[in-house]
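Please read the structure below before turning to the comments.
Rule-based calculations on the coordinates, nothing more; no lab input. Computed from a predicted model, the values in this text were never measured in an experiment. Cβ placement follows ideal geometry from the backbone for every residue including glycine, while neighbour counts extend to all protein chains displayed.
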Amino acid sequence: MSTQTQMMEHVVLFGVKNTIEPSKVREMVDRINSLSLLDEVLHLTAGPVLRIRSSSLNFTHIYHSRYSSKQHFDAYTAHPHHLAVVQANANICGDAMALDWLSDLQADPVLPSGSVVRVTLLKLKDGLGDQVRKEILEVVRGTRGKFGQISQFSCGENFLPERSEGFSIGSLAVFAGMSELEAVDSNDEFVKYQKDNIGENLESLMVVDYVVPSPLHSN
């Protein structure tokens, strides 16, 4: 049952250096997952990317967290435990990017382990007016209604552009399991829906799938 009127979504994609031993990678993921215990965090999971579609960027891991407000997120980023994890992982991770948006989604912020999450990031062409951007966001919001397999859907405009590599709209679709995601992907309609309806205003699109791990556990 939802008790939230608004949530902040924080999605980080990063690549692990190919020289890092698997045991060190597992330790890194466990350190990130330990941040879920902080009071400011509604939900946080980290793990390997299941698959990624992108024309130019490639990442190996993802972490997704939720907060009840930007203020709680700011407190999280300044927390000594978070800073220690960032420092401990600095030599393991290479390229990274992040998107942050506010969602009016009213749902349980904690995603069950075993859920499959699809993160879709849009990079729009330069010079689009506010009205066009608003219409694009409405198209993205309409994704939930087009696919009954989606159990939860969140989207919004990125408000911290410094680390987003030019991507400005993010969405997050949650599926109960792989069979539900595969049903959507059988005809590639999920990606086709957004491409067809955003069309000439879209510069590039990235789609990342991952499976929510068990709490404080990495695969």
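Some observations on this one:
- With helices as the sole contributors, the chain gives -8500 deg cm²/dmol at 222 nm; each DSSP H run of n ≥ 4 counts as -39500 (n - 2.57), and the sum is divided by every residue.
- Sorted largest first, the spans of the alpha carbon positions of segment 58-105 along the three principal axes are 35, 28, 10 Å.
- Each Lys or Arg adds one and each Asp or Glu subtracts one; over the other residues with Cβ under 14 Å from the Cβ of Val12, this totals -2.
- The spacing between segment 1-60 and segment 135-184, judged by their C-alpha centroids, is 17 Å.
- Checked against a 18 Å cut-off, the cross-linked pairs Lys123/Lys195; Lys134/Lys195; Lys17/Lys123; Lys134/Lys192; Lys125/Lys146; Lys146/Lys192 give Cα-Cα distances beyond that limit for Lys17/Lys123; Lys134/Lys192; Lys125/Lys146.
- Selection of chymotrypsin sites (Phe, Trp or Tyr not before Pro), segment 76-182, meeting DSSP coil and at most 13 other Cβ within 10 Å: Phe159
- Nearest 10 degrees, 0 to 90: helix 22-34 Cα axis against the chain principal axis: 80 degrees
- With q set to 0.17, 0.24 Å⁻¹, the log10 of I(q)/I(0) for segment 67-173, from the Debye formula over equal scatterers at the Cα positions, is -1.02, -1.42.
- The trypsin sites (Lys or Arg not before Pro) of segment 35-141 that meet both conditions, a loop assignment by DSSP and at most 15 other Cβ atoms within 10 Å of the site Cβ, are Lys125.
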